[in-house]
1. Select from region 5-39 the residues that are small (Gly, Ala, Ser) and in contact (Cβ under 8 Å) with a residue 12 or more places away in the chain and list them in ascending order.
2. Sort through 122, 160 and tell me the only one that's modelled with pLDDT of 95 or more and surrounded by 16 or more Cβ atoms within 10 Å (Cβ to Cβ).
3. Would you check which residues across region 69-80 are surrounded by fewer than 19 Cβ atoms within 10 Å (Cβ to Cβ) and part of a loop (DSSP other than H, G, I, E, B) and list them?
4. Filter region 1-41 down to the residues that are in contact with a helix residue (DSSP H, G or I) (Cβ under 7 Å, 6 or more places away or on another chain) and open to solvent by 50 Å² or more (accessible area, probe 1.4 Å), then identify the one that is modelled with the lowest pLDDT.
Amino acid sequence: MVTHWFAGIFATLWLASAANQLWRTQIDGWTKKLRLVLTGLYLLLGALVLGIGLTFFNPAINGTRVNLVQGVILFNTLIPAYLLPALIFGFVAWRFRFLEQGLRIASGIVALALAAIWAFLAIRHGWRGDLMSNPGFTQPELYTYTIVLLLLGAGLLYQAIARRSAPLRKAAMPRCSLSISPGWSGCFASSHSSRLVWCWRGLPFSTAGQRRGSGRGQT
């Protein structure tokens, strides 16, 4: 029976095989072209299986009994389903320095995207359990997304200020702005007017903090 973790493990095997063949292309000889063909074939198969796991057997979409997440919060079948493939792409981006920079950046972006999907599903499973395929979001779930995005943005902003890096600063500021959205959704979804008032009162402070951080990053 196909499940999200079965698809993830199967995809990881194909992706690891593709990475192995790609690494061996550094060896000159008549086998180099063959290894390039095998790399493309294994990568295609891995991407296909991974795509199936992200769509048809995504536990946030497919909530059948056989596809339920097994395990405790954070340490469950979401790890082999999405985090293991992310590690393969991240390893290629980190260690395969013989590749063109564009290919390494693309591999890193895929790794970050898969890690983000894993984090989203892990948080949703933590609050929803077996009901994570039900539509909508709960307020605790939205607040957890807000905290995670704030921590990520704050970490990037700190690194940008410490390294005086404009690219990191540009990457951090949208995440700080994006982190407001889940919390605001929870505020607007609430029927308590007092909470909505406090959300509006918090907006100037959050905006001012982002501008101040941006100004420090530029100096």
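1. We begin by selecting, within region 5-39, every residue small (Gly, Ala, Ser); these are 7-8, 11, 16-19, 29.
Within region 5-39, 7, 8, 11, 16, 17, 18, 19 meet the criteria.
2. Numbers: 160 fails: modelled with pLDDT of 95 or more.
Matching residue, one of 122, 160: 122.
3. Selection gives 70, 72, 73, 74, 75.
4. Of all residues in region 1-41, those in contact with a helix residue (DSSP H, G or I) (Cβ under 7 Å, 6 or more places away or on another chain) come to 1, 3-5, 7-12, 14-19, 21-22, 24-25, 35, 38-39.
Within this subset, residues satisfying the condition of being open to solvent by 50 Å² or more (accessible area, probe 1.4 Å) are 1, 5, 9-10, 14, 24, 35.
Values: 1: 74, 5: 96, 9: 97, 10: 97, 14: 98, 24: 95, 35: 95.
If we take residues in region 1-41 being in contact with a helix residue (DSSP H, G or I) (Cβ under 7 Å, 6 or more places away or on another chain) and open to solvent by 50 Å² or more (accessible area, probe 1.4 Å), then 1 is modelled with the lowest pLDDT.
The values are calculated or read from the model by the stated rules, or taken from the named source; none is laboratory data. Computed from a prediction, not measured in an experiment: that's the story for all the values here. Cβ sites come from the backbone with ideal geometry, for glycine too, and all protein chains shown count toward neighbours. Side chains included, ligands, DNA and RNA excluded: accessible areas come from the protein's heavy atoms. Shrake-Rupley method; radii C 1.70, N 1.55, O 1.52, S 1.80 Å.
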